[in-house]
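What follows is a set of notes on a single structure, which appears directly below.
Read the figures in this text as sums done on the coordinates, not as results from a lab. Not measured: the values here are computed from a predicted model. FYI the Cβ positions are ideal-geometry reconstructions off the backbone, even for glycines, and counts take in every protein chain you see.
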Number of protein chains: 2
Amino acid sequence: MTGSIVIAGLGPGADDLVTPEVTAALAQATDVVGYIPYVARVAERPGLTLHPSDNRVELDRARHALEMACGGRRVVVVSSGDPGVFAMASAVFEAVEAGPAGWRDLDIRVLPGITAMLAAAARAGAPLGHDFCAINLSDNLKPWALIEKRLRLAAEADFAMAFYNPRSKSRPEGFAKTLDILNDACGDDRPVIFARAVSTPEEMLQIVPLSECTPVMADMRTVVLVGNSTTRLIERRGAPIVYTPRAVAP
Amino acid sequence: MTGSIVIAGLGPGADDLVTPEVTAALAQATDVVGYIPYVARVAERPGLTLHPSDNRVELDRARHALEMACGGRRVVVVSSGDPGVFAMASAVFEAVEAGPAGWRDLDIRVLPGITAMLAAAARAGAPLGHDFCAINLSDNLKPWALIEKRLRLAAEADFAMAFYNPRSKSRPEGFAKTLDILNDACGDDRPVIFARAVSTPEEMLQIVPLSECTPVMADMRTVVLVGNSTTRLIERRGAPIVYTPRAVAP
């Protein structure tokens with residue numbers, strides 16, 4: 001039996017946002033590895049072993065998955081959203097590069113998923129309808145100065161922005177600093193979308209002008225979208241539509 | 001009968017990358033509207049009218065869809081990839097904002113899809129595994145000077161980059177200029193991925209150092225991914241794995 005490792009994206013939460021490709025990979029798996037709440041989304045069945053693990057042990061989890069694949073298992077590493085966007089794919093490849101030579105020749109595939117910013121954008125309208133950037137606001141693995149530099153340059157480039165991991169309990173101050181930088185750098189009152197747990201029963205969407213945003217509007221389950229200078233609101237019954245036009249005048 | 005309009009992403013090409021949510025919306029549609037090759041991906045059935053239209057008539061198409069929804073039809077506007085990423089969602093909302101007041105209160109939903117850059121990144125490894133940006137290189141709807149400004153700022157921010165619409169037959173020179181700017185601004189020989197028609201029978205993936213890239217490597221079916229300064233190649237049998245590590249040293 002030849003082992004394999006699939007790094008699969010489960011999408012933002014709803015079952016009907018899981019691609020059939022990922023569903024098929026899970027149906028053939030012998031082992032599913034991942035962060036506890038993501039593994040909890042995979043149905044148990046005979047012949048499948050679930051290996052949930054805690055947050056912040058991504059490299060250990062990746063090595064465990066690679067070892068099992070080397071031993072002939074069909075392993076699926078699950079991420080929420082897309083595995084290549086601030087998720088498990090990079091961690092697995094870091095482990096491959098640092099690991100035994102045999103790991104490089106494993107059958108390794110990455111299966112894309114609906115990442116949080118696209119699910120959130122769809123709920124709000126089309127705020128990312130023009131050029132945009134995605135920034136992980138956690139400074140666990142990079143210096144805060146780099147985040148700040150990227151925020152200022154992204155504002156200067158007039159990108160719409162998507163922020164992942166905006167605010168954790170252990171590091172609540174980064175998002176407050178982010179809002180200060182944006183208020184300073186953007187020079188206008190553009191729309192900001194706080195999208196929490198999109199497509200789950202806990203989904204919550206808030207649309208707030210930049211100057212009225214407060215740090216507590218975000219937590220680790222929130223993705224934050226910031227429009228560019230041309231982003232518009234269409235008022236109507238219920239929540240407005242937020243969208244960024246395709247054209248920029250010369 | 002109450003009409004509705006759904007703006008749905010069909011993903012990059014393969015059927016098993018279409019979300020069940022989009023499949024369900026198509027099954028309930030009375031009318032499907034979109035660019036000819038995307039409408040061609042929808043199976044004909046009794047009760048469903050297909051309305052394929054040519055490229056560059058996005059606003060006309062959007063108005064047609066909205067008019068039919070106002071008339072009580074269940075309309076699905078199809079895009080490839082994700083409808084909110086350089087696709088039909090913004091065009092529909094432009095039409096809504098400029099159109100009759102009644103269009104604002106239609107039942108309008110956007111259903112996300114697997115956008116080309118994420119499908120391409122998954123094939124290559126995890127090149128977008130850290131902060132990144134997405135830029136549409138077409139200057140049909142924005143001045144070239146803005147594209148050039150964004151490219152230089154994105155390089156300064158050390159974003160990995162994804163380029164949509166890199167090169168059209170009518171405007172072949174923009175991508176050549178893009179490569180010149182990147183060679184000048186990046187100051188190193190980072191990996192570039194040319195991913196054409198990912199997940200279709202015509203799929204082709206090329207991994208090329210920046211200094212060896214030539215404009216003809218891209219066409220309108222190609223998405224181009226450029227690593228950041230830390231992006232790495234893992235050599236192995238067959239194509240190397242390209243990934244961007246999660247950590248940046250202080």
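Please give the average number of partner chain Cβ atoms lying within 10 Å of the Cβ of each residue in B:147-157, rounded to a whole number. Walk me through the intermediate numbers first.
Details: counts 2, 0, 3, 8, 1, 2, 10, 7, 1, 5, 12.
For this peptide, the per-residue mean of nearby foreign Cβ atoms is 5.
Charged side chains reduced to their Cβ positions (Lys and Arg at +1, Asp and Glu at -1) give chain B a dipole of some 180 debye around its Cα centre. Loop-located trypsin sites (Lys or Arg not before Pro) across region B:207-250 with a Cβ neighbour count of 14 or fewer within 10 Å are B:Arg237, with loop assigned by DSSP.
Could you grab the relative contact order for region A:1-135? Cα pairs under 8 Å, six or more apart, rounded to a whole percent. Numbers along the way, then the final one.
Details: 243 pairs, mean separation 49.2, N = 135.
Answer for region A:1-135 is 36 percent.
Most simply put, region B:4-114 has about 5% antiparallel DSSP beta bridges, counting only bridges with both residues inside it. Remark: the A:Asp105-A:Val57 segment gains 14.9 nm on full extension, using 0.36 nm per residue and subtracting the alpha carbon distance. Using a label position 7 Å from Cα in the Cα→Cβ direction, what is the ascending list of nm distances from B:Arg56 to the same site in the other copies? The answer, with the shortest distance listed first, is 5.5 nm.
With a cut-off of 8 Å between alpha carbons and a minimum separation of six or more residues, what is the relative contact order of chain B in percent? Over chain B, the number comes to 19 percent.
Size of chain B from its Cα atoms: along the principal axes, largest to smallest, the extents are 60, 40, 38 Å.
Percentage of Cα-Cα pair distances in the protein assembly as shown greater than 45 Å, rounded to whole percent? Working shown, then result.
Numbers: 9314 of 124750 pairs.
So the pairs more than 45 Å apart make up 7 percent of the total in the protein assembly as shown.
Scan region A:1-105 for GluC sites (Glu not before Pro) in coil per DSSP, keeping those whose Cβ has at most 12 other Cβ atoms within 10 Å, and list them by number. Provide the component values of the computation, followed by the final result.
Working: sites: A:Glu21, A:Glu44, A:Glu58, A:Glu67, A:Glu94, A:Glu97; in loops: A:Glu44.
Those that pass, being in a loop and sparsely packed, are A:Glu44.
Counting every C-alpha pair in region A:59-134, the share spaced more than 14 angstrom apart comes to 65%. Annotation note: trypsin sites (Lys or Arg not before Pro) in region B:13-76 located in DSSP loop regions with a Cβ neighbour count of at most 12 within 10 Å are B:Arg56.
If you count the DSSP beta bridges with both ends in the protein assembly as shown, what percent of them are antiparallel, to the nearest 5? Don't jump to the answer; show the numbers that get you there.
Numbers: 39 of 93 bridges.
About 40 percent, rounded to the nearest 5.
Placing a label point 7 Å from the Cα of B:Leu141 along the Cα-to-Cβ direction, the distances to the matching points in the other copies come to 3.3 nm, shortest first.
Of all the options A:Ala195, A:Ala87, A:Ala116, the one that moves most in a Gaussian network model of chain A with Cα springs shorter than 10 angstrom is A:Ala87.
Think of the axis that spins chain A onto B; the A residue whose C-beta lies nearest it, and the distance in whole Å, is A:Cys133, 2. Assuming charge only on the beta carbon of Lys and Arg (+1) and of Asp and Glu (-1), the dipole of region B:117-243 about its Cα centre is about 340 debye to the nearest 20. For the pair B:Ala249 and B:Ala145, the difference between a 0.36 nm per residue extended length and the Cα-Cα distance amounts to 34.1 nm.
Within the protein assembly as shown, A:Cys70, A:Cys186, A:Cys213, B:Cys70, B:Cys186, B:Cys213 have no other Cys Cβ under 4.7 Å of their Cβ and so lack a disulfide-compatible partner by this rule. Straight-line reach from A:Lys177: taking Cα to Cα under 20 Å and skipping same-chain neighbours fewer than 8 places apart, the lysines in range are A:Lys142, A:Lys149, A:Lys169. For chain B, the residue among B:Ala124, B:Thr244, B:Leu146 whose Cα projects farthest onto the positive side of the dipole built from Cβ charges is B:Ala124.
Helix B:144-156 and the long axis of chain B differ in direction by around 50°, with both axes built from C-alpha atoms. Per residue, chain B reaches -8500 deg cm²/dmol at 222 nm when only DSSP H runs of four or more residues are counted, each adding -39500 (n - 2.57). A label point on B:Ala98, set 7 Å along the Cα-to-Cβ line, lies at 5.4 nm from each of its counterparts in the other copies, closest listed first. The charge dipole of the protein assembly as shown, taken about its Cα centre with unit charges on the Cβ atoms of Lys, Arg (+1), Asp and Glu (-1) only, comes to about 280 debye.
Relative to the longest principal axis of the Cα atoms of chain B, helix B:58-70 runs at roughly 30 degrees. Report the FRET efficiency, 1/(1 + (r/R0)^6), for B:Met204 and B:Ser170, where r is their Cβ-Cβ distance and R0 is 22 Å, rounded to 0.05. It comes out at approximately 0.45. With Rh defined as the Kirkwood radius, the inverse of the mean 1/r over Cα pairs, the Rg/Rh of region B:148-250 is 0.96.
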